[in-house]
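First up is the structure itself, then whatever we jot down about it.
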Amino acid sequence: NQAMALLAQVPKQEDASLQLAIAKLNLDAANFGRAEEALQQADSQIKPESPLMGEKEELMGLLHESLGQTSEAKRHFELSAKINPERPVPLRKLAEMGAKDQVWSEAAKWMERFLQTNPQQAGHYWAVLGDYWLAAEQVEPGSQALDTALRIDLYSYWGHLRMARVFEKNKDT
């Protein structure tokens, strides 16, 4: 409550920025009802061309994902990625959703876009990309992604494990 009171006093460029901050705080605290209220208020205050629109859609996606509404979450993440292609969270979430649905080539394409945002632990995410391509039965891009993972992070457990599986499958001891 104190943090929200302080946020309300800070000068803001757009009215919706306060509501987005309140929504983030409530999402982090698992107060989903309050987060939804703040996002609805932000939605009524935000202009369609606003740079905050991508953030609002991302937060809506996170809210719906937390509530188990995956198709609605996916829709909001896709909107966020379309509005602001450099936002890493929607791209990673869409990759994870594609993998959960076992739509491997879609998961891989979202992960490739996520990797363009230069995330921390890039070696791990390159290994995950390799895993997605291998699951899609695309051995060449999968092996290349695993090679990249191991060049970036020599200690990438997932990269080594999946590369070993590729060698094992090819009977290359």
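The values are calculated or read from the model by the stated rules, or taken from the named source; none is laboratory data. Since the model is a prediction, treat every value here as computed from it, not as a measurement. Counting neighbours? That spans all protein chains shown, and the Cβs are built from the backbone with ideal geometry, glycine included. Ligands, DNA and RNA are stripped out before the accessible areas are found, and what is left, the full protein with its side chains, is counted by its heavy atoms. Shrake-Rupley method; radii C 1.70, N 1.55, O 1.52, S 1.80 Å.
At a glance:
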quantity: Accessible area (Å², per residue) of region 10-103, counting only protein heavy atoms and a probe of 1.4 Å; calculated: 54
quantity: Cα gyration tensor shape for region 35-122, rounded if a/c is under 1.5, else prolate or oblate; calculated: oblate
quantity: Estimated 222 nm signal from helices in the chain, with DSSP H stretches of n ≥ 4 weighted -39500 (n - 2.57), rounded to 500; calculated: -23500 deg cm²/dmol
quantity: Listed residues 114, 32, 77, most fluctuating in the chain (Gaussian network, C-alpha, under 10 Å); calculated: 32
quantity: Amide hydrogen neighbours beyond the local backbone of residue 50, cut-off 5 Å, H modeled; calculated: none
quantity: Surface accessible to a 1.4 Å probe, per residue, for the residues of region 131-173, Å²; calculated: 72
quantity: Segments 34-41, 153-160, 67-74 sorted - mean Cβ within 10 Å per residue, highest first; calculated: 34-41, 153-160, 67-74
quantity: Accessible carbon and sulfur surface of the chain relative to its total accessible area, %, 1.4 Å; calculated: 49
quantity: Region 98-173 shape via C-alpha gyration tensor axes, a/c threshold 1.5; calculated: oblate
quantity: FRET efficiency for residue 44 and residue 168, using Cβ-Cβ distance with R0 set to 45 Å, rounded to 0.05; calculated: 0.20
quantity: Farthest positive-ward along the chain dipole, Cα basis, beta-carbon charges - from 23, 84, 163; calculated: 163
quantity: Over the chain, relative contact order from alpha-carbon pairs under 8 Å, at least 6 apart, %; calculated: 11
quantity: Axial C-alpha extent at least 15 Å, average Kyte-Doolittle at least 0.0 - helices from the chain (DSSP); calculated: 16-28, 122-135, 139-152
